[in-house]
Amino acid sequence: MTRAQAFLIEGVNAPFKLTDVELDEPLENEVLVKITACGLCHTDFLIPAGTFPSPYPCAVGHEGSGIVLSVGSAVKSVEAGDSVLLSFAHCGECGYCKEGKVAACKEFYERNFGRVRNASVGARPVGKIVGDGTEIHGTFFGQSSLASHCVAVESSVVKVPSSTNLSLFAPFGCGLQSGAGAVLNLFQPKRDETIVIFGLGAVGFGAFWSAVHLGIKTIVVVDLLQSRLSLASSQGATHTFLGSSPSLVSDIHAATGGMGAQYAVECTGVARVLRSAWEAVRNGGKVCSVGNPGPGVLPPFDINDQVNTSKSWCGLVEGDSNPPEFIPRLMKLHADGEFPVETISKVYPVADFDKAVEEMKKGEVIKPIVSNRTRPTAQLTSLFSHLPRFSSFASMAPSAKIQLNGKQVVVPTGIFINNEWHDATDSSTFEVLNPANGQVITSVAHGKSEDVDKAVAAARKAFKTTWGKNVGPEERASLLLKLADLMERDQQLLAEIESVNGGKGVRIARDLDIGDTIGCLRYYAGWAGKVHGETIETAPKTKLAYTLLEPLGVAGQVIPWNYPIGMWGWKVAPALAAGCSIVMKPSELTPLSALYLCNLIKEAGYPAGAVNLVPGFGHTAGAAIASHMDIDKVAFTGSVMTGRKIMEAAAKSNLKKVTLELGGKSPVLVFPSADLEEAANWAALGCFFNSGQDCTAGSRLLVHEEVHDKFIEILVQKAKACAIGNPLDEATSFGPLISSAQRDKVLSYVDSGVSEGAKVATGGKKWKAENGGFYVEPTVLTGCKPTMQCVREEIFGPVMSVMTFRSEEEALEMANDSIYGLAAGVFTGDAKQAMRVSSELSAGTVWVNQYNVLSNAVPFGGVRQSGIGRELGLAGIKEYLSTKSVHHNIGEDLSWPL
């Protein structure tokens, strides 16, 4: 027997009661799990409500996570010490289970609600034993995990990496996978289709995030709470409607082209909403009911209605998922920033269980998670006696040891505020992966709005006292030079961090990314004392007017994952040279180099609060920066969609200044007079450098029809010559893409191009790396047309779409036929043609007979939807300065009244 505590329900309408229990030892295919956390789900509350009849007393909880303590003799998938998430039970022997359709198991109800335990000798009614000897139902969903320990059947156990944040991922075992499965497993909609989701609980958000992941063009969400609709809107919903609206169905039809949605996911189980879902889909549409309405609720249609409209309706159990396969898929989406469960969840200590229930019922929190890792109150100490005390860790800087080229290196993993390291306010973290092998490197603090508030307060205080206008230009320059020297000292180490976290070839990272960043710091050190106002003559002898260029104040900076150090330098250097203080959010995919650089900021001697860094996700830390009322300017590099949201947030908050460097679909024009060998070299660099993950990537190649065939022959050889390999190998110049999602997205564009008539001249497939990294071969698509998706949309991968032209005028028309305008390239042996074409191209940067070569002294930025403002050069520092006009009256007296 194992002594434990569990929350029991002793009958209909009975409260949850924390009770001392003893657990039976695991049967041959069961495991004993020490519970770390358990998500609260509405299904748990159906037991005391009597909606799901269950033997009483019942120990509930079915979204558990924890550590395996022991296993039965027949268990093969896990062993003692493994980290696990818990999901539903199934028999493993019926026809459905053998087909992999485990959610359709013939014994699903009995094994999850009917008080039976799974064993190789067959199911039998054995449960936990309370102190007085009363047998209780202790196998709810095969686990009953709202407890300190549970005995779970092996079929409900999903092994996860030891670095997994078990509190954060505990809810993946039920509601989230149910909603996600409705979209990813059942409907599998195409990008150009429409979907409506009723009910934004955990199930609804699981469905919604999955639709966003698939890139569905029209995503409608419906809920009774405006706060949930606003959250969904910030995360990609195209239309949001209150469920109480009398015109709801007609509004959904209007939002979906006047016909209704092709798919509806109903997540509430409310009869009225079931009817709305049925009416919201078009003829031939499909409705999936994930919410359980309970017994006695009739379908929202009659059979004639279904026949006449060709609509279809189905129920769905647990997302039709196979948890050991599906849950890791969702965890991967989370790692890629596409399944942000932290935005709907809140972690509570067991002592606050009643508070968690109350806030859930009030709709104040969507997914409460009860965690055994939160420090207990005195009366519950016995339940958590096995857990460490965290108070002794309070002063320790959050950090982790990572492997770099066979050596262990300590990297910070916390939030950097006031030159000190902190955990996130709610102690949440997220995983950081190595894109070369898909393995977890470490976990990093997940900062949210509360942490951004603290960082902004620190930055504002520094700006008013120890930084800003309180520090002269000579000192600002000296500090930048010192920081550059420290980066140069640690250049190899930084390159290895960049390589492991971002997938860059270590040589490229060291010599180019970091080398250029060191140069950027030194360049702006030179500008610190050279940007100044001017004296302006107004009225001689009696008036003096002059201007001052003053630092704007607190700058919010959000940097991307493709150049973590490079973009760090582009933003930090001019801001610090100008005297601004900084609150930065690095990409959640590549935060490690920016985190390491914070230690160098402190070592260089910057005052506390001058530079602060809050790792986190765009919809949490990034959104908080964009909308913060005490940030004076925000600089962002990333997608057009996010750039729009930042502009909107900046406008709706305090009208802060905005600099945006956004996407591109840059054309490269090759004329007959060009040196084709040289042009092919530069074109390959333009599209394949950084594995194509470059906003300036020359992914639209326009070649004159006279030289097309010869040029493609040369270009294909250049593509095949790319040095693909392990990023830590000095010879590697072409590494993996940043994530599995990015790899799959890139390959989908190749598939799209081929389906529309393009031909693959080379590449087009995953690179067969034995380590399972996120590689895509350098790809050249020929025979492309201007209307193709691969031509019009930014791919952000090593895919070049080739088109032909017959005249200079046609080339310019094709080149400028884009919503973007970041960069362009021209290859010609005719200097006059180069001047003409450069003048006519709609782009912020034009390269002639070269590509992707930048200088810290030359401004960079885009036109059209590629951005606002400029970085680098004198223009870069002016983005962080404000002009103040001062008028002095020296000798004129004013007679009053006028």
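Please indicate, with yes or no, whether at least one residue in the range 669-679 is in a strand (DSSP E or B), among the aliphatic types (A, V, I, L, M) and at pLDDT 95 or above.
At the first step, the residues of the range 669-679 found to be in a strand (DSSP E or B) are 669-670.
When the remaining residues are screened for being among the aliphatic types (A, V, I, L, M), the result is 669-670.
If we keep only those that are at pLDDT 95 or above too, we end up with 669-670.
For the range 669-679, residues in a strand (DSSP E or B), among the aliphatic types (A, V, I, L, M) and at pLDDT 95 or above: present.
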On the given criteria, is GLY773 assigned to a loop (DSSP other than H, G, I, E, B), outside the structural domain of ASN501 (by TED's automatic domain parsing) and within 26 Å of the chain's Cα centre (by Cα)?
-> yes
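Here is a yes/no grid of residues against (1) more than 22 Å from PRO859 (Cα to Cα); (2) in contact with a Gly (Cβ under 8 Å, 6 or more places away or on another chain); (3) among the hydroxyl-bearing types (Ser, Thr, Tyr); (4) assigned by TED's automatic domain parsing to the domain that holds ASP426:
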site	(1), (2), (3), (4)
GLY515	no, no, no, yes
PRO560	no, yes, no, yes
TYR563	no, no, yes, yes
LYS571	no, no, no, yes
ASN599	yes, no, no, yes
ASN612	yes, no, no, yes
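Among the listed residues SER70, SER77, which satisfies the condition of being part of a loop (DSSP other than H, G, I, E, B), of a type in the set (S, T, N, Q) and closer than 21 Å to GLU28 by Cβ? Walk me through it before giving the result.
On the way: SER70 fails: part of a loop (DSSP other than H, G, I, E, B).
Result of the check over SER70, SER77: SER77.
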Please give the number of the condition PRO246 fails out of (1) over 33 Å from the mean Cα position of the chain (by Cα); (2) not in a loop (DSSP other than H, G, I, E, B).
-> (2)
Of (1) buried (at least 24 other Cβ atoms within 10 Å of the Cβ); (2) modelled with pLDDT under 95, CYS580 fails just (2)
For the range 724-736, enumerate the residues that are under 16 Å from CYS687 (Cα atoms) and out of contact with any strand residue (DSSP E or B) (no Cβ under 6 Å at 6 or more places or on another chain).
-> SER733, GLY735, PRO736
Among the residues of the range 868-898 satisfying the criterion of being in contact with a Lys or Arg (Cβ under 9 Å, 6 or more places away or on another chain) and part of a strand (DSSP E or B), which is nearest to THR659 (Cα to Cα)?
-> GLU871
Filtered residue count, the range 1-60, keeping only those that are hydroxyl-bearing (Ser, Thr, Tyr) and part of a strand (DSSP E or B) = 3
Could you tell me whether any residue of the range 829-849 is outside any strand (DSSP E or B), touching a residue at least 24 places away in the same chain (Cβ under 8 Å), over 30 Å from HIS708 (Cα atoms) and small (Gly, Ala, Ser)?
-> no
Taking the range 595-617 as the region of interest, how many residues are assigned to a helix (DSSP H, G or I), of a type outside the set (D, E, K, R) and surrounded by fewer than 24 Cβ atoms within 10 Å (Cβ to Cβ)?
-> 6
Can you pull out the residues in the range 122-161 that are over 14 Å from PRO26 (Cα atoms) and at pLDDT 80 or above?
-> SER145, LEU146, ALA147, SER148, VAL158, LYS159, VAL160, PRO161
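The values are calculated or read from the model by the stated rules, or taken from the named source; none is laboratory data. Note that the coordinates shown come from a computational prediction; the quantities given were computed from them, not determined experimentally. Note that we place each Cβ from the backbone using ideal geometry, even for glycine, and neighbour counts take in every protein chain shown.
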